[in-house]
């Protein structure tokens, strides 16, 4: 589904590069978490995949019929105007030119939020708001779902529910998931692959390999 070849990127168009020589191939149906320290290029790579940024060199190819995107920032948080969950998602449905009015109820049901459709957006908890953003991204039945740190600002119980939902969308519905992560435990537990970025370069491995490498590195640092 995603093919990245010898990708270089710099915000100035010249060295030093934020990303350097990245090559990555992701098949349909994978759940890939991007991990790395702040400034390692995780979000930049996500923006390149979403075509929000052009490569400085190399290529990014995405074969998705529709992409659903869940931003880190909640568009509706602190909203002072009285807009319900249904109204917010229905306006987005119209923007996407999706004809089926039932699409809103279907997307809410997929994230377990159908009973909140008449609730005001500004009165939802952080976890509930995040589920609504996922529901919005599911409008139009995307085959690729891209998320930017989905558990940021969310309580532990809601985190579990969100990752269970993402796992179900991936395992049972076949949606390819890309998630920029700071939640190491969730990434290891839920991903099929992990892409670790450091100093502008990437390393693809299984969650089991990453857990072993991370724990070994942590143990070495502790005894250094």
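The values are calculated or read from the model by the stated rules, or taken from the named source; none is laboratory data. Remember, it's a predicted structure, so these values are computed and weren't measured experimentally. For neighbour counting, all protein chains shown are included, and Cβ atoms are generated from backbone atoms with ideal geometry for every residue, glycine included.
Hey, any hits in segment 55-74 for a residue that's out of contact with any strand residue (DSSP E or B) (no Cβ under 6 Å at 6 or more places or on another chain), at positive phi, assigned to a loop (DSSP other than H, G, I, E, B) and at pLDDT below 95? Write out each step before concluding.
First pass over segment 55-74, keeping only residues out of contact with any strand residue (DSSP E or B) (no Cβ under 6 Å at 6 or more places or on another chain): 63, 65-66, 73-74.
Filter once more, keeping what is at positive phi: none.
No: zero hits.
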Item checked: Qualifying positions in segment 1-13 - surrounded by fewer than 14 Cβ atoms within 10 Å (Cβ to Cβ), in contact (Cβ under 8 Å) with a residue 12 or more places away in the chain and more than 21 Å from residue 63 (Cβ to Cβ) -> 13
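Does residue 24 satisfy the condition of being in contact (Cβ under 8 Å) with a residue 60 or more places away in the chain and either over 17 Å from residue 207 (Cα atoms) or within 16 Å of the chain's Cα centre (by Cα) (or both)?
Working: in contact (Cβ under 8 Å) with a residue 60 or more places away in the chain: yes; either over 17 Å from residue 207 (Cα atoms) or within 16 Å of the chain's Cα centre (by Cα) (or both): no.
Spelling it out, it is not the case that residue 24 is in contact (Cβ under 8 Å) with a residue 60 or more places away in the chain and either over 17 Å from residue 207 (Cα atoms) or within 16 Å of the chain's Cα centre (by Cα) (or both).
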Checklist line | Enumeration of residues in segment 94-128 that are buried (at least 21 other Cβ atoms within 10 Å of the Cβ) and under 26 Å from residue 50 (Cα atoms) | finding: 104, 107, 108, 111
Next item on the list: Go through segment 129-160 residue by residue and tally those that are over 22 Å from residue 64 (Cα atoms) and surrounded by fewer than 18 Cβ atoms within 10 Å (Cβ to Cβ).
Entry: 6
Next item on the list: Find the residue count for segment 169-182, including only residues that are in contact with a helix residue (DSSP H, G or I) (Cβ under 7 Å, 6 or more places away or on another chain) and part of a loop (DSSP other than H, G, I, E, B).
Entry: 2
Checklist line | helices (runs of 4 or more DSSP H) wholly inside segment 83-168 that include at least 1 residues being closer than 29 Å to residue 185 by Cα, modelled with pLDDT of 95 or more and in contact with a strand residue (DSSP E or B) (Cβ under 9 Å, 6 or more places away or on another chain) | finding: 126-138
Next item on the list: Only residues that are in contact (Cβ under 8 Å) with a residue 12 or more places away in the chain, surrounded by fewer than 20 Cβ atoms within 10 Å (Cβ to Cβ) and either under 13 Å from the mean Cα position of the chain (by Cα) or part of a helix (DSSP H, G or I) (or both): list them for segment 184-196, please.
Entry: 184, 188, 189
Checklist line | Sole exception among (1) modelled with pLDDT of 95 or more; (2) outside any helix (DSSP H, G or I); (3) more than 21 Å from residue 160 (Cα to Cα) for residue 79, by number | finding: (1)
